[in-house]
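I have placed the structure first, in the form of structure tokens, so that the comments after it can refer back to it.
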Amino acid sequence: MASILPPLRLALNLPAPPNGPPDSYWRSLYFFNGYRFIVALLLLAVTAVFGNTLSFGSLDFELFVYVSAGYVMFSVLCFLAIAWRWHFHLQLSLQVGADIVFIVVLMFASGGISSGLGLLLLSGLAAAGLISRGRWTLFYAALASIAVLLEHTVQVLFHFGVTTQYVQAGLLSIGYFTTAWVAHTLAKYLVATEQLAAQREIDLASMAEVSQHVIQDMQDGVLVVDEHGVIRQHNARAEEMLGPLRRELNLKGYAPALAQRFEEWHKNPATGFGPMSTVVLNNKVSARFVPVGRSRKVGAVIFLEDLSRVQAQARQMKLVALGRLTANIAHEIRNPLSAISHATELLQEEPVLNDTVARLLTIIHDNARRLDRMVNDVLKLNRGERAHREVFKLGVYLRTFAEQFCQIEKVAQTIIGLELSADPEVSFDHSHLDQVMWNLCRNALRHCRREDASIRIAVSVISNGNIVKLDVVDDGLGVPPALRNQLFEPFFTTVSSGTGLGLYIARGVCEANDATLDYVETRTGTQFTILCRGAGSL
């Protein structure tokens with residue numbers, strides 16, 4: 001019935017209502033007038049069916065019929081006025097006043113207070129108090145009391161009314177005031193409840209918006225699924241981990257391995273899972289299930305955690321502890337190591353040395369240099385050099401580097417093959433790129449076959465020239481699968497003469513230049529790829 005008012009306004013071609021009380025007020029007034037219409041119609045129907053055989057209209061039957069008919073017509077007119085939405089509080093006051101007039105006249109036509117029609121005003125006063133939220137309620141009760149007392153006075157003066165019935169009129173008036181006061185009190189509570197509900201609605205909307213922002217900015221992926229496995233909500237991080245997601249997609253069609261674990265978790269409350277790194281996204285993601293509410297039957301919030309980020313944090317914590325220790329040790333070793341190297345060089349300059357002494361001095365000198373290199377690597381690891389980037393042609397740099405590398409390592413220049421599909425400009429610290437390329441090419445030289453183009457350096461451009469891809473590939477046996485996840489770990493090495501810091505430092509140097517260094521799986525050999533910024537992306 002609440003939807004009747006707008007069509008009624010359209011049918012009557014009425015203008016849009018001005019700003020005023022909310023729709024709930026008008027709906028209440030509409031229902032109140034519906035109650036008035038039913039009461040008036042019943043009174044008219046009773047007179048039509050039973051005539052003057054009842055107490056209704058016992059004093060003046062014609063007056064009772066005319067007033068009942070007028071009451072019905074008034075109710076119909078009130079429907080039109082409500083549809084117009086014209087002056088809510090004025091309409092309410094006029095309707096309550098009209099109720100008092102019509103019912104008191106009907107009381108008079110039915111013989112006065114003994115007819116019982118005065119009780120109809122109790123429900124009207126209660127409804128008026130609730131609709132107006134307590135405004136004018138006691139005033140309406142006062143009008144009703146005065147009208148009833150005046151009606152009985154007229155009965156006493158002109159129609160032989162009984163004066164003792166003033167007590168009944170007084171009690172009825174007390175009932176009016178009591179009803180009005182109760183309605184007023186309930187209306188106050190209703191207003192307070194409405195204000196509290198409105199404030200709670202604002203708070204909930206604010207909390208929902210804040211929660212949405214928090215979920216979207218979380219480092220972990222979040223999936224909210226119902227008991228049927230349908231994804232109801234997710235954040236952008238989840239799409240980065242698992243791929244693009246369509247709305248209302250089933251978890252089974254989106255991430256089958258994750259859906260299988262969710263089914264096991266959903267059906268068996270005793271199920272507990274560890275990290276799901278062996279199930280989801282090739283050892284890169286772990287999942288944690290949290291029930292929605294107190295029961296698992298409702299659904300779950302699935303938190304997806306990037307294991308690479310966790311590993312990076314663990315590695316960073318380990319390096320902080322190692323850095324303090326290694327820095328102190330390196331400084332302590334450097335001084336005696338310099339003294340050993342210097343003394344060895346002085347002994348090698350002595351004119352009279354047999355072959356055995358010379359060989360032993362050479363061993364001492366070579367190992368001292370190795371220790372010095374290890375100390376320098378440790379200090380670089382702890383220091384974390386800053387990048388001073390510059391723009392230069394990558395092709396020119398690589399040709400010069402290849403020539404210098406072959407000369408210093410004393411290998412044929414044909415061992416390095418340059419594949420330049422483009423000659424882009426890159427933004428990189430020149431000395432840092434030297435450090436990275438020397439490390440990668442020395443590792444490649446150590447494991448390659450040392451034939452023509454055993455070491456390939458390939459350059460290509462991606463992302464419309466904004467990203468430059470630099471590959472260093474050798475034709476060796478490659479890296480065993482069991483060791484690939486540890487390549488960039490500090491102090492990990494497969495060579496007895498290595499420090500295990502070369503690749504780790506090389507990756508850190510690349511990150512300092514806003515670049516990346518990664519191992520790429522190939523069928524044969526070993527490939528490392530550097531992705532750095534081109535000059536066009538600056």
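Read-outs throughout are calculated quantities, based only on the coordinates presented, and are distinct from any laboratory measurement. The model shown is predicted, which means the values in this text are computed figures rather than measured ones. Note that we place each Cβ from the backbone using ideal geometry, even for glycine, and neighbour counts take in every protein chain shown.
Quick notes
- Those chymotrypsin sites (Phe, Trp or Tyr not before Pro) in the stretch 74-133 that DSSP places in a loop and that have at most 15 other beta carbons within 10 Å: 86
- Taking Cα centre as origin and charging only the Cβ of basic (Lys, Arg, +1) and acidic (Asp, Glu, -1) residues, the dipole magnitude of the chain rounds to 820 debye.
- Ordering 408, 103 from the fewest to the most neighbouring beta carbons within 10 Å gives 408, 103.
- Counted charge near residue 69, where neighbours are those whose Cβ lies closer than 15 Å (Asp, Glu -1; Lys, Arg +1): -1
- Angle of helix 88-109 to the longest C-alpha principal axis of the chain, folded into 0 to 90 degrees and rounded to 10: 30°.
- With contacts taken as Cα pairs under 8 Å at a separation of at least 6 residues, the chain carries a relative contact order of 7 percent.
- Taking all Cα pairs closer than 8 Å and separated by 6 or more residues, the relative contact order of the stretch 390-537 comes to 26 percent.
- Computed from Cα atoms, the angle from the helix 355-383 axis to the main principal axis of the chain rounds to 20 degrees.
- Anisotropy class of the stretch 391-444 from Cα gyration tensor, a/c 1.5 cut: oblate
- Per residue, the convex hull around the alpha carbon atoms of the stretch 5-196 comes to 111 Å³.
- Placing unit charges on the Cβ atoms only, positive for Lys and Arg and negative for Asp and Glu, gives the stretch 32-178 a dipole magnitude near 480 debye about its Cα centre.
- Partner lysines whose Cα lies under 29 Å from the Cα of residue 318, excluding those fewer than 8 positions away in the same chain, are identified as 284, 380.
- The stretch 91-151: C-alpha gyration tensor shape, a/c 1.5 cut-off, then a/b vs b/c: prolate
- Positive dipole terminus of the stretch 390-537, leading residue within 431, 457, 512 (C-beta point charges): 457
- Projection of the Cα convex hull of the chain, averaged over all directions and equal to a quarter of that hull's surface, yields 45.6 nm².
- Within the chain, helix-based [θ] at 222 nm, where runs of 4 or more DSSP H residues each add -39,500 (n - 2.57), nearest 500: -19500 deg cm²/dmol
- For a straight C-alpha distance cut-off of 23 angstrom, the lysines reachable from residue 267 (same-chain residues fewer than eight places away being disregarded) are 252, 297.
- The stretch 5-196 - percent relative contact order, Cα under 8 Å, separation 6 or more: 21
- Relative counts (whole %) of C-alpha pair distances in the stretch 390-537, using bins that are 10 Å wide: 11, 43, 37, 9, 0
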